[in-house]
1. Tell me yes or no: at least one residue of segment B:118-125 is more than 14 Å from ligand 3 (Cβ to nearest atom) and either free of Cβ contacts under 8 Å to residues at least 12 places away in the same chain or in contact with a helix residue (DSSP H, G or I) (Cβ under 9 Å, 6 or more places away or on another chain) (or both).
2. So which residues in segment A:72-98 are within 12 Å of chain B (Cβ to nearest Cβ) and either without any contact (Cβ under 8 Å) to a residue 24 or more places away in the chain or away from ligand 1 (no atom under 12 Å from the Cβ) (or both), if there are any at all?
3. Would you confirm whether any residue within segment B:166-174 is facing another protein chain (nearest Cβ under 7 Å), more than 13 Å from the chain's Cα centre (by Cα) and more than 12 Å from ligand 2 (Cβ to nearest atom)?
4. Only residues that are closer than 17 Å to residue A:460 by Cβ and either in contact with a strand residue (DSSP E or B) (Cβ under 8 Å, 6 or more places away or on another chain) or facing chain B (nearest Cβ under 9 Å) (or both): list them for segment A:382-406, please.
5. Among the residues of segment A:123-164, which ones are assigned to a helix (DSSP H, G or I), more than 16 Å from ligand 1 (Cβ to nearest atom) and touching a residue at least 60 places away in the same chain (Cβ under 8 Å)?
6. Could you list, in sequence order, all residues of segment B:153-166 that are assigned to a loop (DSSP other than H, G, I, E, B) and near ligand 3 (Cβ under 8 Å from one of its atoms)?
7. Inspect segment A:62-71 for any residue being more than 14 Å from chain B (Cβ to nearest Cβ), buried (at least 18 other Cβ atoms within 10 Å of the Cβ) and touching a helix residue (DSSP H, G or I) at 6+ places or on another chain (Cβ under 7 Å) and give the result as yes or no.
8. Only one of (1) surrounded by fewer than 23 Cβ atoms within 10 Å (Cβ to Cβ); (2) within 18 Å of residue A:505 (Cβ to Cβ) fails for residue A:40. Which number is that?
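The values are calculated or read from the model by the stated rules, or taken from the named source; none is laboratory data. Since this is a predicted model, take the numbers as computed values, not measurements. With ideal geometry, Cβ positions are generated from the backbone for all residues, glycine too; neighbour counts draw on all protein chains shown.
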Ligand code: HEM
Ligand SMILES: [Cu+2]
Ligand SMILES: [Cu+2]
């Protein structure tokens, strides 16, 4: 056991502690690599825990099976949400910061003691949150993701959630220190795009965490009796700084990884440094305003406040995402066209390395995040349309498209990449690894769409153990939606199975995969080298394929927008 | 060659932007401003807006207000008939106080929403067309007054869509809209 661990965490380094990575061309220092592995493995553990609860949650919502009693359902749903949305993602994001910062910069990880301490505190917090949820007993209630006051949620929950957030802050410090060291004495030197993206991610993370500590501390002092009463509206505003903020971290970390991985395994180039960096800057300024879209149908918030904030100031952040939506595929198209790979409109895409699971995960993530997650997010984030989405399963569909499809797929790709390039293990089965992104993306997409339909077309609420087939105490029910749930149930189970395949591919390879440290990993190399030499200059490449794809995206966006507004205007008259 | 892992070379800010990317920026920018304009405009000319006066009110005080309303309302077999244009709804675990209520089609009512204990979700749809549904958040501590005019007669079902405790799924009430 210890021997295996030592072998997994070891690699051959030179006297200075560096080795050169044949896939990325980076000089990797041992200190960075070890910590990336540590956080990555921990993230996968959280994925397994949270993923197990996906099974119980999904088979309860599929009322034909109706696995859990209501009391247990809320407990399981809380554990599902916290382990996946928070622990799987945040542990992974710390790893992303270490990759994007010191690893890309070719530096060692500074303050490794803090990195380890941060990790330990995060683990303590995560274990504490799990225990406090699991052992919640009436009259206390399971927190779900949001722990809304004045529901009596266990004070231990708020306390351990704060511990986790503090740990994440500590763990992020070495990243900031690395950037600071890079910039010291060379203030005018420009950071690489990936580091820049990671830096903006880090800043937004700190903002989110501060909001989270404020929210949970406010609820905690009320729960332990230090203050008499608690304002629902204030808690909701504070809570959504972190509740939404963590989603922005997920988004930015994901986009940063898109730039990183499409480059190293797909040979992508940066089509415009200016445009892509400006998009990150737009995020920095505007994306946090979007937290308001959770409060669109709350009492007490003025109309102007809601309209302005939910639009991220004239859709500044949505505009930024549309920039990346072009820049990422364009990077692949330009890079491949410059190398003369694949002609015609889409030859660059069809001839891409689709068998490489790292590449396919990322590309599916880009497409599905955009088409399913991004479009629905903007549409449901319009104040009036939000009335038809709020707290229905459609909302759950939206955020599974963003985090369970988009970010999770990207992080799966990144994990597989780390298995090969940092743990230096071959996959136990290449075929299995190649299959994973297809299986997960395909099945989860259907499950997600079914959630959206159930919410929008039948008004099925989220966060409830039953109501489709039966609402206790009345003949009324939403049974018309049952067929959708049959589809949802089957595809949710298949998605969970795909998730299991992913874990088998990862953990199996770590334990039983052949050591590849002697080899060059040529199967991961971008075709025609990491960067094209020569060829047309980037801004002159004909980006026809990407342009057409983006037009298709815009058409889908407009269609979804019009359809949702049409449905809304069919309603009775509401509001002043 | 521009790679995201290397610092950009030279004066990267002044590098020309690809023509198609520039066009896309234009399209995306117009769309962004356009949908902002539509959302803001709709608050002026639209008929469906989650907008209404909000008042701070202690949960107990709101409960009393609803009780006064109930006392003033006429009780019928199908539900309360509101004395005036105001309809009160009190959300509590696990019941919609003051529902069912009987309303006239085509008449504008001020629907007062508030909770006695924790947060709830006011989720309403006509029995016949489940896709015609809307959802509003209900707070303890606030009274939210949203005008509504139901044009089509029929039974409208209210369920709770904010987790409020173990009995959450059983929280159901009705509005009966009748031809005037
Ligand atoms: C096979 C994979 C998955 C399935 C079948 C699944 C299924 C579900 C279902 C049915 C619900 C809604 C329950 C309800 O509101 O009544 C839910 C909630 C949720 N899921 Fe998943 N999920 C999966 C993966 C994920 C992943 C990967 C993430 C995050 C990265 C995630 C995050 C969440 C969150 C945050 C909630 C909301 C919890 C709340 O309301 O407080 N899920 N999931
Ligand atoms: Cu309720
Ligand atoms: Cu409820």
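1. Yes, there is a match, as at least one residue in segment B:118-125 is more than 14 Å from ligand 3 (Cβ to nearest atom) and either free of Cβ contacts under 8 Å to residues at least 12 places away in the same chain or in contact with a helix residue (DSSP H, G or I) (Cβ under 9 Å, 6 or more places away or on another chain) (or both).
2. Quick first cut of segment A:72-98, residues within 12 Å of chain B (Cβ to nearest Cβ) only: A:72-75, A:77-78, A:81.
Across segment A:72-98, the qualifying residue is only A:72.
3. Step one: list which residues in segment B:166-174 are facing another protein chain (nearest Cβ under 7 Å), which gives B:166, B:168-170, B:172.
Those still in the list that are more than 13 Å from the chain's Cα centre (by Cα) too: B:166, B:168-170, B:172.
Pick out the ones that are also more than 12 Å from ligand 2 (Cβ to nearest atom) and you get none.
Taking every residue of segment B:166-174 in turn, none turns out to be facing another protein chain (nearest Cβ under 7 Å), more than 13 Å from the chain's Cα centre (by Cα) and more than 12 Å from ligand 2 (Cβ to nearest atom).
4. Matches in segment A:382-406: A:386, A:387, A:388, A:389, A:390, A:391, A:392, A:393.
5. Keep residues of segment A:123-164 that are assigned to a helix (DSSP H, G or I), which gives A:123-134, A:155-164.
Okay, now just the ones that are also more than 16 Å from ligand 1 (Cβ to nearest atom), so A:123-125, A:127-128, A:131, A:155-156, A:159-160, A:162-163.
Residues satisfying the conditions are A:123, A:155, A:159.
6. Residues of segment B:153-166 assigned to a loop (DSSP other than H, G, I, E, B): B:153, B:161-166.
Of everything in segment B:153-166, those that are assigned to a loop (DSSP other than H, G, I, E, B) and near ligand 3 (Cβ under 8 Å from one of its atoms) turn out to be B:161, B:162, B:163, B:164, B:165.
7. Start the filter on segment A:62-71 by keeping residues that are more than 14 Å from chain B (Cβ to nearest Cβ), which leaves A:62, A:64-65, A:67.
With the extra rule that they be buried (at least 18 other Cβ atoms within 10 Å of the Cβ), the set shrinks to A:62.
Those still in the list that are touching a helix residue (DSSP H, G or I) at 6+ places or on another chain (Cβ under 7 Å) too: A:62.
Yes, because at least one residue in segment A:62-71 is more than 14 Å from chain B (Cβ to nearest Cβ), buried (at least 18 other Cβ atoms within 10 Å of the Cβ) and touching a helix residue (DSSP H, G or I) at 6+ places or on another chain (Cβ under 7 Å).
8. Of everything listed in (1) surrounded by fewer than 23 Cβ atoms within 10 Å (Cβ to Cβ); (2) within 18 Å of residue A:505 (Cβ to Cβ), residue A:40 misses just condition (1).
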